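These notes concern the structure reproduced below.
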Amino acid sequence: MNALLELDKISSGYGDVSVIKGLSLKVSSGSITALVGSNGAGKTTLMQTISGLLPLTEGRVIFDGENISEAPPHRRVELGLALVPEGRLIFPEFSVEENLKIGGIIPRARSNRSKLTKEMFNLFPRLLERRRQAGGTLSGGEQQMLALARGLMSEPRLLLLDEPSLGLAPNVAQLLFETVVRVRESGVTVFIVEQDIRSTLEISDHGYVIENGRIVMKGTGSELLADETVRTAYLGI
Ligand code: ATP
């Protein structure tokens, strides 16, 4: 399948500190692709680099055949890249419905906002029940759903999810992973970064393992789940 996103030997970091070190990977169009690794491996740094919040020091980011290495973040959103950042970052004072509207504010999605809001309420019935409630008063799981829905309001072609299950109770996390599968079924490609390695690889077509800013292993989700090294190092089996 075609690569919707290709990272070609990219490096990035903070000042003199290099965190991502010559990393290459591909996200196939229509797939769920996972990046798994332990704390501090560079997962969030990679997501910020892909979305243009951190500059590249080396390499290229190719989206749908176009070199977007120099493109500012808003241009990347216009092209269809949406980041749902770690820690949710919803607007606490605004209602659920207002948070969704803000997600669809970019020109490409703006005319479709009412239709998209209805779709989000179908996908997340819980948000419909709470549409007038302030975002900051939602539970952790509800806020994560809102962050996901807000990302989808920009009609992305590629959704970048940074640790969506962080801090969620296991049953809520499970619901979130099921929702991610439904998002992919609706035609959106998903690149997901997670510490819940088992649940993530279970829903992923492809996966990469990151250590110290480098890819150390890749395979299908099931290959990685069955791999002895992954099982010992990351699943504690
Ligand atoms: P976690 O799973 O704990 O969120 P991660 O894989 O997402 O970890 P990053 O947040 O990308 O890891 O951090 C990678 C490395 O970069 C860490 O050593 C971290 O201390 C460092 N780092 C992150 N943000 C900054 C920053 N703003 N300035 C300097 N160093 C940073």
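Some observations on this one:
- Selection status of Gly219, assigned to a loop (DSSP other than H, G, I, E, B) and touching a Gly at 6+ places or on another chain (Cβ under 9 Å): no
- Ala109 being aliphatic (A, V, I, L, M) and either more than 13 Å from the ligand (Cβ to nearest atom) or in contact with a helix residue (DSSP H, G or I) (Cβ under 9 Å, 6 or more places away or on another chain) (or both): yes
- Positions within region 20-59 being part of a loop (DSSP other than H, G, I, E, B), within 11 Å of the ligand (Cβ to nearest atom) and either aromatic (Phe, Trp, Tyr) or closer than 19 Å to Leu158 by Cβ (or both), in sequence order: Leu53, Leu54
- Lone unmet requirement of (1) buried (at least 21 other Cβ atoms within 10 Å of the Cβ); (2) at pLDDT below 90; (3) within 16 Å of the ligand (Cβ to nearest atom) for Val193: (2)
- Sole exception among (1) out of contact with any Pro (no Cβ under 8 Å at 6 or more places or on another chain); (2) open to solvent by less than 20 Å² (accessible area, probe 1.4 Å) for Val181, by number: (2)
- Contact annotation: residue pairs with Cβ atoms under 8 Å, 6 or more positions apart or on different chains, pairing a residue in region 114-137 that is free of Cβ contacts under 8 Å to residues at least 40 places away in the same chain with a partner that is in a helix (DSSP H, G or I) and of a type in the set (Asp, Glu), are Thr117/Glu97; Arg126/Glu142; Leu127/Glu142; Arg130/Glu142; Arg131/Glu97; Arg132/Glu97.
- For region 137-171, taking the residues that are over 13 Å from the mean Cα position of the chain (by Cα) and small (Gly, Ala, Ser), the one that is farthest from Ala3 (Cα to Cα) is identified as Ser139.
The values are calculated or read from the model by the stated rules, or taken from the named source; none is laboratory data. Keep in mind the model is a prediction, meaning the values are calculated, not measured. Note: ideal-geometry Cβ built from the backbone for every residue, glycine included; neighbour counts use all protein chains shown. In case anyone asks, the SASA skips ligands and DNA or RNA and just uses the protein heavy atoms, side chains included. Shrake-Rupley method; radii C 1.70, N 1.55, O 1.52, S 1.80 Å.
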